[in-house]
Amino acid sequence: MTHRHSQFDGDTGAVSVPRRRTTGRTNQKQGPEGELGQRIEAVRERCGLLNRDMAQELGKELGTNLPQPTLLTWVRGAEPRRMSKEEIMQALDRIDARLGSKDGSTWTDKDEVAKQVQLWLEEMTHKQVAVASGELVQTISLWAEGRHNVLTRKWRPVKERVDSMLELLRKSGGTKSTKQPRT
């Protein structure tokens with residue numbers, strides 16, 4: 001006896017029912033697979049990078065355009081086809097050395113943030129720091145008071161932008177210390 005979707009083995013009496021077909025996608029987030037995938041995820045987390053930023057950084061280190069989907073396939077266990085795993089591992093080491101948090105944290109400590117913001121405020125106004133950083137004046141005040149930690153991936157570009165603005169202000173004589181009082 002055979003059914004349309006199952007098979008009956010007359011010798012053993014077993015019925016074989018096929019599994020339901022799936023697309024292969026699940027709603028569960030899959031973790032990194034293999035040595036390369038685990039290393040990519042570890043460096044990405046330590047550096048506080050999003051997947052797209054990690055793909056961009058790794059692409060720069062490898063001297064190629066690395067699409068984010070390619071990076072994600074490596075994380076899920078696929079073997080790289082156009083370059084060696086060793087080249088990628090070395091590039092990850094360079095990224096980790098350049099961008100990685102020394103303590104492995106995704107957060108920049110609030111005391112470190114407060115100290116840096118207070119240094120900026122010696123030469124810049126709250127509004128200048130806010131404009132340069134792209135943050136609200138209230139956020140700058142909270143950072144200066146050491147009221148909260150900042151994601152490393154957010155802090156790094158903020159620090160670069162504000163430091164660049166401070167250099168420009170110093171050159172143009174627009175810092176608090178170089179401004180002449182109005183008469």
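The values are calculated or read from the model by the stated rules, or taken from the named source; none is laboratory data. What you see is a predicted model, and the numbers here were worked out from it, not measured in a lab. Positions of Cβ are backbone-derived with ideal geometry, glycine not excepted, and every protein chain shown enters the neighbour counts.
I need the full set of residues from segment 125-157 which are outside any helix (DSSP H, G or I) and in contact with a Phe, Trp or Tyr (Cβ under 9 Å, 6 or more places away or on another chain), in order please. Don't jump to the end; show me each part of the working.
If we filter segment 125-157 for residues that are outside any helix (DSSP H, G or I), which is where we start, we get 125, 134-136, 145-151.
Across segment 125-157, the qualifying residues are 135, 149, 150, 151.
Residues in segment 132-151 that are out of contact with any strand residue (DSSP E or B) (no Cβ under 8 Å at 6 or more places or on another chain) and either without any contact (Cβ under 8 Å) to a residue 24 or more places away in the chain or polar (S, T, N, Q) (or both): 133, 135, 136, 137, 138, 139, 140, 141, 142. Scanning segment 99-154 for residues that are polar (S, T, N, Q), touching a helix residue (DSSP H, G or I) at 6+ places or on another chain (Cβ under 6 Å), modelled with pLDDT of 90 or more and under 30 Å from residue 55 (Cβ atoms) yields a count of 1.
Using the structure shown, decide if residue 122 is assigned to a loop (DSSP other than H, G, I, E, B) and within 30 Å of residue 168 (Cβ to Cβ). Show your work before the answer.
Values: assigned to a loop (DSSP other than H, G, I, E, B): no; within 30 Å of residue 168 (Cβ to Cβ): yes.
Judged against the criteria, residue 122 is not a match.
Would you be able to say whether some residue in segment 72-86 is closer than 19 Å to residue 38 by Cβ, hydroxyl-bearing (Ser, Thr, Tyr), part of a loop (DSSP other than H, G, I, E, B) and in contact (Cβ under 8 Å) with a residue 24 or more places away in the chain? Explain how you work it out, then say what you get.
Keep residues of segment 72-86 that are closer than 19 Å to residue 38 by Cβ, which gives 72-80, 83-86.
Checking which are hydroxyl-bearing (Ser, Thr, Tyr) leaves us with 73, 84.
Those left that are additionally part of a loop (DSSP other than H, G, I, E, B): 84.
Still in the running and in contact (Cβ under 8 Å) with a residue 24 or more places away in the chain: none.
Scanning segment 72-86 turns up no residue that is closer than 19 Å to residue 38 by Cβ, hydroxyl-bearing (Ser, Thr, Tyr), part of a loop (DSSP other than H, G, I, E, B) and in contact (Cβ under 8 Å) with a residue 24 or more places away in the chain.
Within segment 167-178, the set of residues being buried (at least 17 other Cβ atoms within 10 Å of the Cβ) and either out of contact with any helix residue (DSSP H, G or I) (no Cβ under 6 Å at 6 or more places or on another chain) or among the acidic types (Asp, Glu) (or both) comprises 169 only.
Taking residue 160 as the residue in question, decide whether it is outside any helix (DSSP H, G or I), among the charged types (D, E, K, R) and within 22 Å of the chain's Cα centre (by Cα). No. When the residues of segment 110-130 are narrowed to those that are within 26 Å of the chain's Cα centre (by Cα) and without any contact (Cβ under 8 Å) to a residue 12 or more places away in the chain, which ends up farthest from residue 176 (Cα to Cα)? Looking at residues that are within 26 Å of the chain's Cα centre (by Cα) and without any contact (Cβ under 8 Å) to a residue 12 or more places away in the chain, I get 112. For segment 125-151, the candidate set comprises residues that are out of contact with any Lys or Arg (no Cβ under 8 Å at 6 or more places or on another chain) and among the β-branched types (Val, Ile, Thr); within that set, the residue that is nearest to residue 173 (Cα to Cα) is 129.
Could you say whether any residue in segment 59-67 is assigned to a helix (DSSP H, G or I), within 16 Å of the chain's Cα centre (by Cα) and surrounded by 16 or more Cβ atoms within 10 Å (Cβ to Cβ)?
Within segment 59-67, one or more residues are assigned to a helix (DSSP H, G or I), within 16 Å of the chain's Cα centre (by Cα) and surrounded by 16 or more Cβ atoms within 10 Å (Cβ to Cβ).
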